[in-house]
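The values are calculated or read from the model by the stated rules, or taken from the named source; none is laboratory data. None of the values given here were measured: they were computed from a predicted structure. We place every Cβ from the backbone using ideal geometry, glycine too, and count neighbours over all the protein chains shown. Keep in mind that these areas ignore ligands, DNA and RNA; they rest on the heavy atoms of the full protein, side chains included. Shrake-Rupley method; radii C 1.70, N 1.55, O 1.52, S 1.80 Å.
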Amino acid sequence: MHIVEKKVKLSDIDIVELLGANEANLQLIENKFDTAITVRGDTVVLRGEPIEVKKIEQIFQELMHTLKRTGRLQVADVSMIVDLVAGGRAGAVVPSSLSQEELDSVILWGKKEMVRARTPRQLEYYRKVRSNDLVFCIGPAGTGKTFLAVAMALAALRANEVSRIILSRPAVEAGESLGFLPGDISEKVDPYLRPLLDALSEMVSPDKLKSMLEKRIVEIVPLAYMRGRTLNNSFIILDEAQNATKTQMKMFLTRLGRNSKAIVTGDTTQVDLPRRHESGLLDVSRLFSGIQGIDFCAFEKSDVVRHRLVAEIVAAYEREAQQREDARELPAAS
């Protein structure tokens, strides 16, 4: 990937008016592209692929021209200019070989490749998230629960449907204690939140991801630090939710604010809590079934899209669990 750096001078212009209140105009541009955008005084620094950098430079030139001519910038003006220059998908190349059905399954247009639903249940997952404010997705490892959730969040951000992404996980260890971890809070929780960063890194360039994290457009926080917050205009993902207690689940779900969506993902067969029955994910279908705006998606081992062996491994554990269950029922039957 060829990366270039370009500086755009904001001369003879009201920079505050150009960038918008709380830099809303700047964020609208940032959300549309993968290029990292940094403002230093009266200079905008662009770092990304040449085609995108050229388009963003053109957007700033058009915005400055409009501002000089009219004296102010409306959000609608900025959005129109961005869409016109970006060409709808920010320059993504659409393969001509794709059918309409495959195009409808595309979740995010990336620079290297697109992220799309690859199984019927993944497509169902995508559609349910589009039409509901809260979706619970439960299934085995490797089915794309977290990866697709992150892709849907980035797509919503790019379309300016939300202004930030909040990613959270319970800080629960899988069967072994790591003991005391050195460093500040960010370094301490990094091992727990690393899978979310890995998913983001697959879809966003390192410079762009760093910029998004620094500007808190993307926040990655432990579940314990969510209490007391109201998350407006956000796309919120709770990953590994089987390790959230019932109290934590209630706390998380009541963070949802205006114009926000939430996805809760987990695998009820991999609960790492000391007492499995405390998992807040085990009874959500009973509690929330029938509530408008809440929906559920259940993946099975046939939906595994990782390495071929992952599906075989999941199946082997399921067979063993069934054999144990059958063995417990035998004495009662006799």
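The figures follow:
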read-out: Among the candidates Ala90, Ala76, residue that is open to solvent by less than 90 Å² (accessible area, probe 1.4 Å), modelled with pLDDT under 85, touching a helix residue (DSSP H, G or I) at 6+ places or on another chain (Cβ under 8 Å) and under 25 Å from Val162 (Cα atoms); value: Ala90
read-out: For Met64: the one exception among (1) within 16 Å of Lys208 (Cα to Cα); (2) surrounded by 18 or more Cβ atoms within 10 Å (Cβ to Cβ); (3) of a type outside the set (Phe, Trp, Tyr); value: (1)
read-out: Selection status of Val75, touching a Pro at 6+ places or on another chain (Cβ under 6 Å) and touching a residue at least 24 places away in the same chain (Cβ under 8 Å); value: no
read-out: Matching residues, region 156-172, being part of a strand (DSSP E or B) and either touching a Ser or Thr at 6+ places or on another chain (Cβ under 8 Å) or of a type in the set (A, V, I, L, M) (or both); value: Arg164, Ile165, Ile166, Leu167
read-out: Selection from region 95-113 of residues that are hydrophobic (A, V, I, L, M, F, W, C) and either modelled with pLDDT of 65 or more or open to solvent by 60 Å² or more (accessible area, probe 1.4 Å) (or both); value: Leu103, Val106, Ile107, Leu108, Trp109
read-out: Conditions (1) within 15 Å of the chain's Cα centre (by Cα); (2) modelled with pLDDT under 90; (3) open to solvent by 10 Å² or more (accessible area, probe 1.4 Å): number failed by Arg164; value: (2)
read-out: Thr146 being open to solvent by 10 Å² or more (accessible area, probe 1.4 Å), hydroxyl-bearing (Ser, Thr, Tyr), over 16 Å from the mean Cα position of the chain (by Cα) and at pLDDT below 95; value: no
read-out: Residues satisfying the stated conditions in region 188-220, i.e. under 13 Å from Ala171 (Cα atoms) and modelled with pLDDT of 85 or more; value: Ile220
read-out: Conditions (1) hydroxyl-bearing (Ser, Thr, Tyr); (2) farther than 23 Å from Tyr126 by Cβ; (3) in contact with a strand residue (DSSP E or B) (Cβ under 9 Å, 6 or more places away or on another chain); (4) at pLDDT 90 or above: number failed by Thr254; value: (3)
read-out: Evaluation of His307 against (1) open to solvent by less than 30 Å² (accessible area, probe 1.4 Å); (2) modelled with pLDDT under 90; (3) farther than 23 Å from Val172 by Cα (one fails), failing number; value: (1)
read-out: Those residues of region 114-133 which are under 22 Å from Gln242 (Cβ atoms) and surrounded by fewer than 21 Cβ atoms within 10 Å (Cβ to Cβ), in sequence order; value: Thr119, Arg121, Glu124, Lys128, Asn132, Asp133
read-out: Some residue of region 7-15 being open to solvent by 10 Å² or more (accessible area, probe 1.4 Å), closer than 21 Å to Met80 by Cβ and not hydrophobic (A, V, I, L, M, F, W, C); value: yes
read-out: Identity of the residue in region 16-45, in contact with a Phe, Trp or Tyr (Cβ under 9 Å, 6 or more places away or on another chain) and closer than 21 Å to Val218 by Cβ, that ends up surrounded by the fewest Cβ atoms within 10 Å (Cβ to Cβ); value: Val44
